[in-house]
Amino acid sequence: MDPGLIRPEILQSWESCRDIGVDAYGPVRRCNDQEMLLNRSSELVAVAKPFMEMINEIIAGSGMRIDCIDYEGFFLCACGDPKLMKESEENGFVTGCDVGLRSIGTNAAGLCLALGRPVQVLGAEHFNRNLHNLNCSATPIFAPGPVLVGVLNILSYATPQNRQTLGLTQSIATSIEKQLALTRTVKSLKVTNTQLNAIMGYLPQGVVSLRKSGSVDNYNQKVLEMFNISPRIDSDARAGRIKQIIDQLPLAAEGTRPFEREHTVTIGKRKKSFLVNTHTIEDGEQNLILLEDSSRILSLSAVQSNRTSYTFDDIVGECAEMQRVMKLASMVANTHSNVLLIGESGTGKELFAQAIHAASDRSRFPFVAINCGAIPADIIESELFGYEAGAFTGAREAGKPGRLEVASSGTLFLDEVEAMPLSFQVKLLRVFSSKSLVRVGGVNDIPIDIRIISASKVELHEEIRQGRFREDLYYRIATFPIEIPPLQERGGDIRLLAKHFLSMLEAEYSHAAISVHEDFYEALATHPWRGNVRELRNIMERAVLMGIDQNELTPAHLPDSIQQGWMIQRLQKRFRGTLHQDLEREIPFLKGVEDAAIAMVLEEEQGNITRSAKRLGIARSTLYQKIQASVRLTGVLNSDGRSK
């Protein structure tokens, strides 16, 4: 044929079909799994079918058939002239037949899928000789994206087709595309609405939506729980109850500006406090109210503020006594036994208490520490037990949970338990025995589940003998007593702790590593450490701050009391070493001590008279005189006045 007589897209398609070996006389092939085809294109079929049927009514009797074809070229559904439908089905055009270019060659639907645009193929333009009696017009259907999902095809035998026929397919395809987009939008909105409802249901806050008129439009399940409204009553009654309570909130109708304030409302016969957020939405048509139970906020705040900071890994100590104590504490940690920690101030009783809590199965719950000596006797009951609304002047309208209630499921740490007022001890004993408490001004028992760790810096048996501590309370809290040794009895742990604190302080002050002279550690070892580990931590911080611009810490960076103690100890050792010689030389005792002190300072200052005199607190001339008057001291110096 003359190529000039054939449309370019048709000729190009023919050549492509010939090159890939399409049979120009082959039958229409068919996919046997029609159910699979219809399922994967169910959305397209559901949307397209109503439009196809509507157009079919308009073109009834015209000898045309309307087909919906999927993105791979498989027939999905059709409608049209009954006679034509029967004839075309006999020719193989049924659900599942394959009209792709590789199957039957050039045809309107297959070429439309390949080019992605409207196509018309008439009569002999079909590659397959069996289809030369067909006229077809096809337009692609795109889903939002755009994504090619199928083809809308109009087929006829005897009836001719023209541009208007192709235009009709385009109109139908456009309508289908719009409906597909709308369907997906509605589906997305339904999913979003379902998700929002699920989120609303899981929110810890109550959410109420009010119409502009003030009536309740929507609310979540949490509101019913907060307002003690049964979900079993009918929806109108629920909305009415919610409206009654919401009307007590003055911020519910204060305009468009958002608010966040605490309010107290009356629910039944009880008052309840809520943190209330209000926002207007939809240009003032809706008022959104978020409510959060104030007691829950207090509880969460208490949990966050009562987290432990230390574990057993944070306890530094290698001496045998500390290892024994840590073994005992680790042993009791994962039990429910009450623990009594006994030790001087600064030995780390709270550190052990936190470590025990952190290693227990209560670690996810609060660790509430109470210093019994820091709470005034007249408020200790309301502080520990909490109080109900109106229990006393100045009480919160909705009441307040006490420390014991906050600690429920967790650990209560009673520091300085020996300082607890005797009058309150019997009340606390009852709580520990009954595992419940009554708030100040209340009548209802509130169950609690707490583990008690107590700490005392005095011998409680002596307090019991003196009548200052109840014996029955002692046996309640001292199921497992642990004595923590003072720092003075921990030997090498002083050096270990000093190095530990030095490393921490270097990091805290972003300072490079500081070296430490051996004399510094020796001086620390001579101190009695009445303040224990806490005192050592403070001493190390002072030393680092004083020596922060120097490369080495020496005894000079320690307080005078430690320096003097170290000097006295060294002097004692030196004097004891020369005491026998002084007795043989008949040197007076006081003179011997003085000579020993001067000799020690001269050696430390490498014979520098000026520095030695300054340290000894005497004039240079006086120091020279004392040196010349002492046989032993003259032996300390060379002829040039330097120490040997």
| Full extension from HIS132 to ALA158: what is 0.36 nm times the residue separation minus their Cα-Cα distance, to one decimal in nm? | 8.3 nm
| said: Give me a comma-separated list of calculated 3J(HN,Hα) values for region 428-438, in order, Karplus coefficients 6.51, -1.76, 1.60 applied at θ = phi - 60°, integers in Hz, x for any Gly or Pro. | reply: 5, 4, 4, 4, 5, 6, 8, 6, 7, 9, 10
| Any idea how far the Cα center of region 409-468 sits from the one of region 1-63, in Å? | 87 Å
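Suppose accessible area is computed on protein heavy atoms with a 1.4 Å probe; arrange TYR219, TYR310, TYR509, TYR25 from highest to lowest. Could you put the intermediate results ahead of the total?
Details: TYR219 50, TYR310 100, TYR509 75, TYR25 145 Å².
The ordering from most to least exposed comes out as TYR25, TYR310, TYR509, TYR219.
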| Total formal charge among the other residues, if their Cβ is under 10 angstrom from that of LEU429, Lys/Arg +1 and Asp/Glu -1 | +3
| note | Carbon and sulfur atoms account, in whole percent of the 1.4 Å probe accessible area of the chain, for 51 percent
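Just order 99-108, 458-467, 39-48 by mean Cβ neighbour count inside 10 Å, highest at the front, would you? Please list the in-between numbers first.
Details: 99-108: 23.8, 458-467: 13.1, 39-48: 17.1.
Per-residue mean Cβ counts within 10 Å order the peptides as 99-108, 39-48, 458-467.
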| task | Lys and Arg at +1, Asp and Glu at -1: add these up for the other residues within a Cβ distance under 9 Å of THR347 and post the number. | result | +2
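Taking 0.36 nm per residue of separation and subtracting the Cα-Cα distance, what length does fully extending GLU225 through SER409 add? Don't jump to the answer; show the numbers that get you there.
Values: separation 184, 0.36 × 184 = 66.24 nm, distance 2.27 nm.
Length difference between fully extended and current span is 64.0 nm.
What FRET efficiency do you get for HIS461 and GLU541 if R0 is 45 Å and r is their Cβ-Cβ distance, rounded to the nearest 0.05?
On the way: r = 36 Å, r/R0 = 0.81.
Efficiency, from the Cβ-Cβ distance: 0.80.
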| remark: Accessible-area order for MET331, MET1, MET85, largest to smallest, probe 1.4 angstrom, reads MET1, MET331, MET85
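Which length gain, in nm to one decimal place, applies between ASP445 and ASN608 when the Cα-Cα distance is subtracted from 0.36 nm times their residue separation?
Values: separation 163, 0.36 × 163 = 58.68 nm, distance 7.81 nm.
Length gained, ASP445 through ASN608: 50.9 nm.
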| region 121-244 shape via C-alpha gyration tensor axes, a/c threshold 1.5 | prolate
| request: Give the label of the value calculated from the structure for Cα extents along the principal axes in Å, choosing from [x] 103, 75, 48; [y] 120, 57, 50; [z] 148, 77, 48. | output: [z]
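Counting Lys and Arg as +1 and Asp and Glu as -1, what is the net charge of the other residues whose Cβ lies under 15 Å from the Cβ of LEU328?
Numbers: positive: ARG324, LYS327, LYS349; negative: GLU321, GLU483.
Around LEU328, the charge tally is +1.
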| query | How many angstrom lie between the C-alpha centres of region 212-241 and region 474-545? | reply | 61 Å
| remark: Listed by chain and number, the residues whose amide H is under 5 Å from that of MET64, excluding neighbours fewer than 5 places away on the same chain and using placed H, are ASP81
| remark: For region 408-512, the dipole about the Cα centre with charges only on Cβ (Lys and Arg +1, Asp and Glu -1), to the nearest 20 debye, works out at 320 debye
| field | Dipole in debye (nearest 20) - the chain, about Cα centre, beta carbon charges: Lys, Arg +1; Asp, Glu -1 | value | 1060 debye
| message | Between helix 349-358 and the chain, what is the angle of the helix's C-alpha long axis to the longest principal axis, kept within 0 to 90° and rounded to the nearest 10? | response | 20 degrees
| remark: Taking only protein heavy atoms and a 1.4 Å probe, the highest-to-lowest accessible-area order of THR278, THR308, THR185 is THR185, THR308, THR278
| query | When we measure straight from the Cα of LYS327, which lysines land under 16 angstrom away, once same-chain ones fewer than 8 places off are left out? | reply | LYS349
| Which percentage, to the nearest 5, of the DSSP beta bridges contained in region 306-445 is antiparallel? | 25 percent
| Which entries in LYS83/LYS178; LYS49/LYS178; LYS212/LYS243; LYS190/LYS243 show an alpha-carbon gap greater than 24 Å? | LYS83/LYS178; LYS190/LYS243
| remark: 1/(1 + (r/R0)^6) with r = Cβ-Cβ of SER188 and ILE6, R0 = 56 Å, i.e. FRET efficiency to nearest 0.05, evaluates to 0.75
| From the backbone phi of region 204-215, what are the Karplus-calculated ³J(HN,Hα) couplings (6.51 cos²θ - 1.76 cosθ + 1.60, θ = phi - 60°) in whole Hz, Gly and Pro given as x? | x, 9, x, 10, 10, 10, 10, 6, 4, 6, x, 6
| field | Heavy atoms of SER213: accessible area, 1.4 Å probe, square angstrom to 10 | value | 100 Å²
| request: Could you let me know the centre-to-centre spacing of region 153-196 and region 261-279, using Cα atoms, in angstrom? | output: 53 Å
| task | Sticking with the crude label model, points 7 Å out along Cα→Cβ, report the distance from LEU328 to SER209 in nm, one decimal please. | result | 6.3 nm
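Report the calculated FRET efficiency for CYS319 and ALA619 (r = Cβ-Cβ distance, R0 = 51 Å), to the nearest 0.05. Working shown, then result.
On the way: r = 46 Å, r/R0 = 0.91.
The calculated FRET efficiency here is 0.65.
For region 532-573, just say rounded, prolate or oblate: build the C-alpha gyration tensor, square-root its eigenvalues into a ≥ b ≥ c, call rounded for a/c under 1.5, and beyond that prolate if a/b exceeds b/c, oblate if not. List each step's numbers first, then the result.
Details: a/c = 3.05, a/b = 1.44, b/c = 2.12.
The shape class here is oblate.
If you take every DSSP beta bridge fully contained in the chain, what fraction is antiparallel? Give it as a percent rounded to 5.
On the way: 58 of 78 bridges.
For the chain, the DSSP antiparallel bridge percentage is about 75.
According to the square roots a ≥ b ≥ c of the eigenvalues of the Cα gyration tensor, what is the shape class of region 1-103, taking rounded for a/c under 1.5, prolate for a/b larger than b/c otherwise, and oblate for the remainder? Provide the component values of the computation, followed by the final result.
Values: a/c = 1.99, a/b = 1.46, b/c = 1.37.
It comes out prolate by the Cα gyration axes.
The values are calculated or read from the model by the stated rules, or taken from the named source; none is laboratory data. None of these values were measured; they are calculated from a predicted model. No Cβ is skipped: glycine too gets one built from the backbone with ideal geometry, and neighbour counts run over all protein chains shown. Protein only, heavy atoms only, side chains kept; ligands, DNA and RNA dropped before computing areas. Shrake-Rupley method; radii C 1.70, N 1.55, O 1.52, S 1.80 Å.
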